[in-house]
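Read through the structure below, which is laid out as C-alpha cells, and then see the notes.
The values are calculated or read from the model by the stated rules, or taken from the named source; none is laboratory data. Being a predicted model, the structure only gives us computed values, none of them experimental. Positions of Cβ are generated from backbone atoms using ideal geometry, with glycine treated the same way; all protein chains shown enter the neighbour counts. Note: accessible area is taken over every heavy atom of the protein model, side chains too, but ligands, DNA and RNA are not part of it. Shrake-Rupley method; radii C 1.70, N 1.55, O 1.52, S 1.80 Å.
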Amino acid sequence: GEEVFVLSEKSFVVPSSASEIKIDVRSNMNFDFTVSQPWISELRTRSISSVTKAFSIEENPDHDAREAQIVFTTSKGRCDTVTVIQAQKDAIVLAQTQYDMPSAGGLLEFNVASNVDFDVECQADWISRVQTRGLSDRLVSFEVQSNDVENSTPRQALITFSKGSISQQVTVNQAASSRRSLHI
C-alpha cells in the first residue's frame with residue numbers, strides 16, 4: 001500500500017507563557033520524533049491517542065522570541081518538521097528609577113529599553129511629555145516647569161510606563177527655590 005504520513009500542523013506561534021500544543025499524526029508507518037530545544041517536551045497523557053502527540057512548552061523568560069523544531073521521522077526514512085515559535089517576554093526596562101531636577105526646571109530625557117509599545121502617564125501638571133522626532137522612539141523627553149518662585153517647596157511626581165500587566169515608574173524630584181521672602 002501507499003505510505004501515508006501527514007501532520008495536522010507544520011507551525012505554531014505560542015505566547016511567552018507556558019502552554020501546550022497538539023499535533024495529529026496520520027500515518028500507516030511507525031514514526032519517532034526529536035525535539036531541538038529543551039523547553040519543549042512531550043506530554044504523556046492517557047486520554048490522547050498514539051496518533052496525537054501533545055507537547056508542553058515552558059514559559060519564555062527571555063526578552064527575545066525563540067524557535068524550535070520537532071522533527072518526525074518514519075520507519076521508512078520520511079521526515080517532516082513542525083516549527084514552534086514562542087513570543088518574547090514583554091519588558092520595559094529603565095536605567096534609573098529616580099531623577100532630580102533643579103528648581104529652574106528644564107528638559108528631562110532618558111532612554112527606555114522595551115520590546116513593546118508602551119503608554120506613558122504622568123499625573124503632575126508641571127511635567128509634560130515632549131514628542132521628539134527622528135533619533136529614537138525609545139528616548140523619552142519631558143519638560144519640567146520651574147519651581148523657582150518665592151517660598152516654593154520641593155515636589156515629587158511619578159511617571160508611569162506601562163503595557164498590559166507590566167509597568168515601571170520613574171520618580172521625579174524637583175528642588176524648591178532658594179529664594180526666600182524677607183520679613184523685616
Net charge near residue 105 (other residues with Cβ under 15 Å of its Cβ; Lys, Arg +1; Asp, Glu -1) is -2
Once Lys and Arg are counted +1 and Asp and Glu -1 for all other residues with Cβ under 15 Å from that of residue 87, the total becomes -4
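Keeping every protein chain in place, order 43, 107 by accessible area at 1.4 Å, biggest value first, i.e. largest first. Could you put the intermediate results ahead of the total?
Working: 43 50, 107 100 Å².
Solvent-accessible surface, decreasing: 107, 43.
Find me the longest stretch of the chain that has none of the exposed GluC sites (Glu not before Pro), where exposed means in a DSSP loop (not H, G, I, E or B) with at most 15 other Cβ atoms within 10 Å.
Working: sites that count: 2, 3, 9, 58, 59, 150.
Answer from the scan: 60-149.
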Expressed per residue, the solvent accessible area of the chain in Å² (1.4 Å probe) is about 62
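When the accessible area of the chain is computed with all protein chains present and a 1.4 Å probe, what percentage of it is carbon and sulfur?
Numbers: 5230 of 11420 Å².
Carbon and sulfur atoms account for 46 percent of the accessible area of the chain.
Count the lysine pairs in the chain whose Cα atoms lie under 19 Å apart, taking only pairs 8 or more positions apart in sequence or on different chains. Could you put the intermediate results ahead of the total?
Details: 10/22; 10/53; 22/53; 89/163.
Lysine pair count for the chain: 4.
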Expected field for residue 108, accessible surface area in Å² at 1.4 Å probe radius, rounded to 10, holds 10
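Using Cα pairs under 8 angstrom and six or more residues apart, how large is the relative contact order of the chain, in percent? Can you show the working numbers first?
Working: 397 pairs, mean separation 33.6, N = 184.
This gives 18 percent for the chain.
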Taking the dipole of the chain about the Cα centre (Lys, Arg +1; Asp, Glu -1; charges at Cβ), the one of 104, 168, 43 that reaches farthest to the positive side is 43
